[in-house]
Amino acid sequence: MAKKDKKPVVGFYGLTGCAGCLLSFIFNENEIVSLLGMVDLAAFPFIKGKQGDKEFDIIFLEGVVCSNDDLDMLKKLRAKTKILVSLGACASTGCIPAYRNFIDEAKYLPLMYEKVHRIKDKDPKPIDAYVHVDFTIPGCPPNREEVKSFIKQLILGKTPRLYNDPVCVECKLNGNHCLLDEGKICLGPITRGGCDSVCTNGRFECWGCRGPCPDANYEAFIALIKDKGHNSRTLKERMQSFAGLKLPDELQIEDAPDYVG
Amino acid sequence: MTNFTLSKVDLNAFIKSLSKNFDVYAPVKDHVVDGGSVRFKVVSDAKVICLSENAYYPLKELFFRKKEVLFKYSEKGLEVPVKKVKSKAILGIRRCDLHSLANQDRIYMREVPDPYYIAEREKTLLIGYHCKKAEEYCFCGSIDLQGNADIMLYELPGNKFLVEVHSDNALRLVESLKKIFKKTDIVIDAESRKIEGSNRLQKKDVHSFYDNPGWQEGIDKCLSCAACNFHCPSCYCFNIHDEANVHNMKEGERIRTWAGCQLKSFTRVAGEHIFRDTRKDRFRHRIYHQLQYFKERYGTTLCSGCGRCIRFCPTKIDFIDILNRM
Ligand code: SF4
Ligand code: SF4
């Protein structure tokens, strides 16, 4: 066992988000005691009463930057840690909140908290739009196994590696029947795997929450979906839902539909 | 060897008697969990068996496991798990899958004897099924098919199978079930061993096509999803990684999983170099390994002509058609 003073000082923090990504650490309920034993946990909203204010070795940060408060906090945290890990889809791609970038302001303003005007301070962006991010753990929410394995690798002195293969790989290993062949729009081939294909295991198509697979062949994929009788607008809207600002520029829709009412 | 007949009505009795000593696997079609695809599953009743479609996923996963714990490590040393495997009897294996299984046996039983594979594979009883008509993407007639079953079933008129017996064990088994296996003089001639419409691949020698512009059409449609690898009954590549035990990080398991050559990660080596980085290199490599490299080394194609890599490719890239036009 590593000596007590050698344990990495770890903090979990959230910007604007739902806290679900922070929970993906806690969801390792059978291993959490051992995981906590490996680190010096200095900050974690659900676990620590008082959040530490020291220097960190690793900070896991969830949530999207969409206010000046978020940005201030992000910059402070970056300055306090050696390693910054973007945890989950909001921090990594902008995810659903980033949809605001594609909507006409007049359409969403009435939906905002009337008294908390600072919320409209900033267009929602992933954290790497502002600071350097050392590692990314994608997903909405991240796979708890991946969070666990990430920590184990760091403790073992390995460089944690992002899963680069498409979702289809785990989907096939899990023995599923391909939903594309059933005519559904499954984003598996263009989406980064590592989720153990949790959606398609339940026969629900992949919506791309882990962001684009680096080797995605968009042209072929879009042609395939059109061939199945879907229009490319529907497809792009779906691709944009979770991949947010990480979708290649030419595939972004600038005028997202009016979901108000 | 003597041939026999088996009435389809007696298939159930045959399965019941096999079940005493074997886990009996056969192709089963399920709409609820498998989206209407056919899978090899343990059966106890002939009613559920579907011989009219080839299985969605190949047989190899029963031997070359998708995930295999090779050993456990700790400060005390290594511990290789002892596999306790019930013998399998697999019914309804098509000629193409027998060919692929023979190739897997070559790699994992003879070239590099693999105890994990051998434990699953030895004592397995293979009961083949001669399908009559090729499915849309099949091309087994263009392949010099190898591989044998212990028992081979051919369709006969009158709701019967002709039963060819190819091993001593199988003969003992068949002769012990005199009530359902009846001796016969019927033999299968060369013509009836052929499968209708399966001779699609005309350009079998792909040597000279390496730089042919014809590949581009396939490459442009390829999503690099590796479905072709995972549906292939022949592909035998794997990855290995260590998984430390979270409760004691000095212990853990070394794990082997299936790998696919269509993925960039497949050829990532130390220093982050990826030596088949382009889709083109990866796409072409699969076809060349299947039709040329393996043959140069072992005298038979790795490919069995089952057509799964086309049928279950999301964009249905028909590389047979592409080759024929080169
Ligand atoms: S269901 Fe989706 S993730 Fe699974 S193989 Fe098909 S396209 Fe890929
Ligand atoms: S299944 Fe088709 S699209 Fe997927 S990697 Fe293979 S050839 Fe490419």
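Values in this text are rule-based calculations from the coordinates and carry no lab data. Model, not experiment: these values are computed from the prediction. Neighbour counts run over all protein chains shown; Cβ positions are idealised from the backbone, glycine included.
Please report the orientation-averaged projected area of segment B:101-193, defined via the convex hull of its C-alpha atoms, in nm².
Quarter of the Cα hull surface area: 8.2 nm².
When B:Cys261, A:Cys206 are ordered from fewest to most other Cβ atoms inside 10 Å of their Cβ, what list results?
B:Cys261, A:Cys206
Build a GNM of chain B with springs between Cα atoms under 10 Å: which of B:Gly307, B:Gly36, B:Gly141 gets the top mean-square fluctuation?
B:Gly36
For chain B, set up a Gaussian network in which alpha carbons nearer than 10 Å are linked by springs, and say which option among B:Cys50, B:Cys228, B:Cys96 fluctuates the most.
Maximum among the listed residues: B:Cys50.
Cross-link partners among aspartates and glutamates for A:Lys80, C-alpha distance below 17 Å, same-chain residues fewer than 8 apart left out?
The qualifying aspartates and glutamates are A:Asp40, A:Asp53, A:Glu55, A:Asp57, A:Glu62, A:Asp69, A:Asp70, A:Asp72, A:Asp128, A:Asp134.
Which of A:Gly183, A:Gly63, A:Gly244 moves most in a GNM of chain A, Cα contacts under 10 Å?
Maximum among the listed residues: A:Gly183.
Please arrange A:Glu145, A:Glu105, A:Glu55 by how many other C-beta atoms lie within 10 Å of their C-beta, fewest to most.
Going from least to most buried by this count: A:Glu105, A:Glu55, A:Glu145.
Arrange A:Met239, B:Met249 by Cβ neighbour counts within 10 Å, fewest through most, would you? Can you show the working numbers first?
Working: A:Met239 28, B:Met249 15.
Ordered by Cβ neighbours within 10 Å, fewest first: B:Met249, A:Met239.
Quick one: longest stretch of chain B between exposed loop chymotrypsin sites (Phe, Trp or Tyr not before Pro), exposed meaning at most 16 other C-beta atoms within 10 Å and loop per DSSP?
It works out to B:1-209.
Below 8 Å, C-alpha to C-alpha, sequence gap of six or more: please give me the relative contact order for segment B:3-325 in percent.
22 percent.
Quick one: Karplus J couplings for segment B:189-203, per residue in order, coefficients 6.51, -1.76, 1.60, θ = phi - 60°, nearest Hz, x for Gly and Pro?
Computed from phi, the couplings for segment B:189-203 are 7, 4, 5, 6, 7, 7, 10, 4, x, 10, 9, 6, 7, 8, 8 Hz.
Using θ = phi - 60° and the Karplus curve 6.51 cos²θ - 1.76 cosθ + 1.60, what whole-Hz ³J(HN,Hα) does each residue of segment B:143-148 get, with Gly and Pro shown as x?
After applying 6.51 cos²θ - 1.76 cosθ + 1.60, I find 10, 7, 5, 10, x, 10 Hz.
Taking θ = phi - 60°, what integer Hz values does the Karplus form 6.51 cos²θ - 1.76 cosθ + 1.60 yield along segment B:36-50, in sequence order, with x for Gly and Pro?
Here the 3J(HN,Hα) series is x, 8, 9, 10, 6, 9, 5, 10, 10, 9, 5, 3, 7, 6, 10 Hz.
For chain A, with equal point scatterers placed on the C-alpha atoms only and solvent neglected, what are the log10 I(q)/I(0) values from the Debye formula at q = 0.13 1/Å, to two decimals?
Taking Cα atoms of chain A as identical point scatterers yields -0.88.
If amide H atoms are built 1.01 Å from N in the plane of the peptide, which residues on other chains or at least 5 residues away come under 5 Å of the amide H of A:Cys213?
A:Thr191, A:Arg192
Using just the helices of the protein assembly as shown, give the 222 nm mean residue ellipticity in deg cm²/dmol: DSSP H runs with n ≥ 4 each add -39,500 (n - 2.57), and the total is spread over all residues, rounded to 500. Display every interim value, and only then the final one.
On the way: 21 runs with 158 residues, N = 587.
When only DSSP H runs of four or more count, the value is -7000 deg cm²/dmol.
If you place +1 on the Cβ of every Lys and Arg and -1 on the Cβ of every Asp and Glu, how big does the dipole about the Cα centre of segment B:92-234 come out, in debye to the nearest 20? Write out the running numbers ahead of the final one.
Numbers: 20 positive and 22 negative charges, 122 e Å.
Rounded to the nearest 20 debye, it is 580 debye.
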